[in-house]
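Structure, as structure tokens:
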Amino acid sequence: MEKKEPFKIAVNGDQHEFSLQPEEAKNLDIVPDGEGKFQILHNGRSFHAEQLEANYPARQFSFRINGVKYSLHIADHFERLVEQLGLQVGSSQKQNTLKAPMPGLVLNVMVQTGQVVSKGDTLLILEAMKMENVIKAASDGIIKSVAVHKGAAVEKGHLLLEME
């Protein structure tokens, strides 16, 4: 049985943090109540929620719940792994090379040389420790070269692709 990694949710910056297992998220009792509006039932209590903003690639969301505004950042397993490796996503310095964050097997390459990509676009999928890791573009750019192919085994630090 595959172990599911929890989502780490930060509310209002780092004011409050908690983890939520994927199966717990699926079991939340949320009923749509108009465009961007929801009724939530949790532990016998009812909450009215309104989605104010959503930045899906950055996993940043803003909600008004029972009249109080909350900002949420939802970190998945991949984002936490990148943070643990010291590879800060969104740093001020543009990175032109993408290297393997861990040893693994390239399951799929979604881009080719000359292709224009936007921040958050999926570049490739790397399997490591029986888990599929989606590698996404950290910024907008053009693929200069692709150094791997589907089925390639790579070590940590192996060049995957270059961008310009």
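The values are calculated or read from the model by the stated rules, or taken from the named source; none is laboratory data. What you are looking at is a predicted structure, and each value in this text was computed from that prediction instead of being measured. All Cβ positions, glycine included, derive from the backbone under ideal geometry; neighbour counts span all protein chains shown.
Considering each of ILE135, ILE125 in turn, give the residue that is of a type in the set (Val, Ile, Thr) and either surrounded by fewer than 17 Cβ atoms within 10 Å (Cβ to Cβ) or at pLDDT below 90 (or both).
Criteria check complete, one pass: ILE135.
If I go through region 37-63 residue by residue, how many of them are out of contact with any Ser or Thr (no Cβ under 7 Å at 6 or more places or on another chain), among the small types (Gly, Ala, Ser) and modelled with pLDDT of 85 or more?
Looking only at that region, the number is 2.
Of all residues in region 137-155, how many are touching a Pro at 6+ places or on another chain (Cβ under 8 Å) and closer than 20 Å to LYS119 by Cα?
Count: 0.
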